[in-house]
Amino acid sequence: MKNISAKYIGIITGIVMVIVSLFMFYQLHLPDTGTVKYICYFIYTVGIIFCLLNFKNKNSNNTFAQYFAEGFKTFVVVSLIMAIFTFVFYKINPQIFEKILLEINKFNATDVNKTQAEVLENGNKLRDIFVPMTVATNTIMYMVLGAIITVIGGGFLSKKKYK
């Protein structure tokens, strides 16, 4: 097996995640949440584990810190790709937010303590923060998940074998 750098594994993993997300949304008409996210998380996990195993093949005496550094390179690249994808995806698909906003407005309209003007104002505020909030949330999620996968994978792979 040819050794591939962690950066390139991250780029490949991120591109595969984007392609799968687009295919499932546009071809299978699945919502951008739920199943699609779990499949992307699975691809993400496989990409990081592949990176760590690839690194182990270069030198089997790596330390935990070396494994973490290698996994870190991969999950940061994937997180960046997914942040850019999330931003672009929601900007070119405003109907997703409009559907969410409709549900929120219906719920808020049932609140007797809010006027119609307050409900509409709340919707406008949400419209302004939806994309940045979604990008930030997804980025943090990918970074935390990547760190957890890397810590666990690096821990197992750096474990010394005693006789």
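The values are calculated or read from the model by the stated rules, or taken from the named source; none is laboratory data. Predicted model, so just to flag it, every value in this text is computed and none were measured. A quick note on method: Cβ atoms are made from the backbone with ideal geometry, for glycine too, and the neighbour counts reach across all protein chains shown.
Among residues belonging to the stretch 55-107 that are of a type in the set (Lys, Arg) and closer than 22 Å to residue 145 by Cα, point out the one that is farthest from the chain's Cα centre (by Cα).
56
Scanning the stretch 122-160 for residues that are modelled with pLDDT under 90 and of a type in the set (Val, Ile, Thr) gives 129, 131, 134. Does residue 103 qualify as being of a type in the set (D, E, K, R) and either surrounded by 12 or more Cβ atoms within 10 Å (Cβ to Cβ) or in contact with a strand residue (DSSP E or B) (Cβ under 7 Å, 6 or more places away or on another chain) (or both)? Judged against the criteria, residue 103 is not a match. Would you confirm, using the coordinates I've provided, whether residue 130 is touching a Ser or Thr at 6+ places or on another chain (Cβ under 8 Å), surrounded by 13 or more Cβ atoms within 10 Å (Cβ to Cβ) and not hydroxyl-bearing (Ser, Thr, Tyr)? For residue 130, the condition - touching a Ser or Thr at 6+ places or on another chain (Cβ under 8 Å), surrounded by 13 or more Cβ atoms within 10 Å (Cβ to Cβ) and not hydroxyl-bearing (Ser, Thr, Tyr) - is not met. Do the conditions hold for residue 73, that is, is it exposed (fewer than 15 other Cβ atoms within 10 Å of the Cβ) and not acidic (Asp, Glu)? So residue 73 does not fit the description; no. With respect to residue 34, is the statement that it is surrounded by 15 or more Cβ atoms within 10 Å (Cβ to Cβ), under 25 Å from residue 144 (Cβ atoms) and of a type in the set (Gly, Ala, Ser) true? Judged against the criteria, residue 34 is not a match. Free of Cβ contacts under 8 Å to residues at least 60 places away in the same chain, within 23 Å of residue 12 (Cα to Cα) and touching a Ser or Thr at 6+ places or on another chain (Cβ under 7 Å): which single residue out of 57, 138 fits that description? Selected residue: 138, the only one of 57, 138 that is free of Cβ contacts under 8 Å to residues at least 60 places away in the same chain, within 23 Å of residue 12 (Cα to Cα) and touching a Ser or Thr at 6+ places or on another chain (Cβ under 7 Å).
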